[in-house]
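Working notes, structure below.
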Amino acid sequence: MIGPVRTRMRNHLPELVLAVGLLFTFLLFGVSLAFQGVPTTSEQWQQLLLNITTIGPFVAAILYGGYWLRGDRLPSRRYPRIGVWFLAGLVGFLLLNVLIMVVWDQVSLYEYFAWAEFAAAVGSASGLGIGIFEARGIDRAVAAERHRVERQEVERRNDRLDEFASVVSHDIRNPLNVAQMRLELASEECDCEHVDHVVSSLERIEAIVDRSLALARSGTAIDETEPIDLSELSEQSWRNVATADAELVVDDPGSVEGDTDRLQQLFENLFRNSVEHGSTSPRSQAPEDAVEHGSTSPRSQAPEDAVEHGSTSGPSESTDTDEQDGTSVVVRVGSLPNGFYVEDDGPGVPEDERDAILNAGYTTSDSGTGLGLAIVDRVARAHGWEPRIVASDAGGARFEFVGATDDISRRTDSGADTDVTTQPADVSTSR
């Protein structure tokens, strides 16, 4: 018996509430017309207005509650509980007032009916309100608990992933260091053309280890944030990158709430990507590794990363200094209405590659790993931002980070130039 009633409540509670509200509306005028007819005297009008002002607000609340429930603002599994409160309020408060009326035998039959309708309207409206309030509270508590459990699960996965990456990095780095030292001793004892190739391969292995560890940690949840001035952070990140003769223009990007170390990682990867794959200058003047963060291996010997903007020229073509004029790339950092962007005036990213280029492992180079922009993507999403790639006004690549802030703050120094141009960094002093 209870099961079918709960099912009907779940499927038809909004309609039931609306039907009760309409019934009360009909009774509000019907009882008056049945006992008194059309009001003609001032006393009858006063009695009708009294009924409307005392019963009408509760009837209106019942009608609005039924309309509100029809809007699917609560899951239907909460309806049976709301229905119990609704009916309990109606029946309970009505019976209580009926007992009072039996004891108080001093009123007319019309007043009995008006009193009963008032009690039923007040009880049902109160029960409906309590039921909706309780159901919303339960729903919020369940959602909060679900979010807490999901966050704990994400943190556990991140911890396991970080532990795994650290163990793998440690186990690979130890024999790698031994191999590098042995190779250095071997190079002192003999002059062989194969040594340089082995050195390059070992440095590439080291770069892959560093990038894989950075990728594993880039998407972990961010617990603590702080206000970050994007102008200062972008200029600091630029100094950490071997930029050859490239130029940085900081166009008042404002500030955001975020993790400083992660955002520095984001900017450094974007800058390396722009410098190496946006520049038309010889490759010998730019570092080869576009994604390594904090590597101690020489940039001039590191392999090319696979995050270039759709370039089809191979390494041999990019190092042909006799056929290139060598113009430097200009990288610009600026603000958006709800975020910021980093763009360059290089060759840009083909439209059909813009989605895939942020995926880990996507590369257009035989020697690349495709991790640089994947790190950028994960750092952005860990902050709750939506990264997207479009074309810049100059035809290059433009990386936009939407949702970085609802009201991005901007410096308001009067009379100050909003463009801050950073001169090319000295390659010999860059990391």
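Points worth noting:
- Between Gln36 and Asp171, the distance separating the two model label sites (each 7 Å from Cα on the Cα→Cβ line) works out to 8.9 nm.
- Calculated FRET efficiency for the pair Thr260/Trp104, C-beta based, R₀ 56 Å, to 0.05: 0.15
- Radius, Kirkwood style, for segment 12-116 when every pair of distinct Cα atoms is counted (Å): 15.4 Å
- Peptide ranges 189-198, 229-238, 63-72 listed from the most packed, as the mean C-beta count within 10 angstrom indicates: 229-238, 63-72, 189-198
- Theoretical FRET efficiency, 1/(1+(r/R0)^6), r = Cβ-Cβ of Ala179 and Val402, R0 41 Å, to 0.05: 0.35
- Full-extension gain in nm, Val149 to Arg136, via 0.36 nm per residue minus C-alpha separation: 2.7 nm
- Once divided by 2.2 N^0.38 Å, the Cα radius of gyration of segment 85-216 becomes 2.76.
- Annotation: amide H-H contacts under 5 Å for Val402 (H modelled 1.01 Å from N, sequence separation of 5 or more, or interchain): Glu386, Arg388.
- Burial order of peptide ranges 147-155, 269-277, 379-387 (average beta-carbon count within 10 Å, highest first): 269-277, 379-387, 147-155
None of the figures in this text is laboratory data; all of them are computed from the coordinates on show. Worth saying up front: this structure is predicted, and the values here are computed from it rather than measured. Quick reminder, even Gly has a Cβ in these numbers, built from the backbone with ideal geometry, and neighbours come from all protein chains shown.
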